[in-house]
Amino acid sequence: MSKEYHWSFDKVAEKNFSKLGQQVQRRIVRWLDKHIEGYDNPHAWGKALEGDLGTLWRYRIGSYRVIADINDGKFEILVVKVAKRNDVYTNK
C-alpha cells in the first residue's frame, strides 16, 4: 500500500489562489509538488496550528502561508487557504 501523500485545493482556496499573481502561483505549486506530492511525511515541512485552527497545518513559502488539512488515513492534503502571512489567519 502506497503511503505517498497527494495535495489538492478546496473550492474556496482554489478561487483565492487564482487571484494571486502567476509567479506566486507557480512558486507555491512548485513547492507543494516538491515537498508534499509523493512524500511520505508532510508533517516534517509544516507546523501544527493552535487554538480554533488546531486541526490544520501551516506551510511557509516565502512571505506566503498555505493552510492545509492533512488526512493521514487517505494520505491526502487539502489546501484550505493561501495568502500572505499578514492576511492568512484573518477571516476574510
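General remarks:
- Cα centroid separation - the range 1-34 against the range 55-81, whole Å: 10
- Based on DSSP H segments of at least four residues, each scored -39500 (n - 2.57), the chain has a per-residue ellipticity at 222 nm of -7000 deg cm²/dmol.
- Percent RCO, i.e. relative contact order, over the chain, from Cα pairs under 8 Å lying at least 6 residues apart: 32
- Too-long pairs where the Cα-Cα distance tops 18 Å, listed order kept, from K19/K84; K47/K84; K47/K74; K19/K47: K47/K74; K19/K47
- Here the chain is assigned +1 on the Cβ of each Lys and Arg and -1 on the Cβ of each Asp and Glu. Its dipole about the Cα centre then comes out at about 560 debye.
- Here the range 1-53 is assigned +1 on the Cβ of each Lys and Arg and -1 on the Cβ of each Asp and Glu. Its dipole about the Cα centre then comes out at about 340 debye.
- Between the residues S18, W45, L78, the greatest Cα displacement towards the positive end of the dipole of the chain, with unit charges on the Cβ of Lys, Arg, Asp and Glu, is found for S18.
- Applying the criteria of a DSSP loop state and at most 14 other Cβ atoms within 10 Å to the trypsin sites (Lys or Arg not before Pro) of the range 49-90 yields K74, R85.
- Translational D in µm²/s for the chain (Stokes-Einstein at 4 °C, 1.567 mPa s, Kirkwood Rh from C-alpha pairs): 97
Throughout, read-outs are computed from the coordinates displayed, never taken from laboratory work. The structure displayed is predicted, hence computed values, not measured ones. Note: ideal-geometry Cβ built from the backbone for every residue, glycine included; neighbour counts use all protein chains shown.
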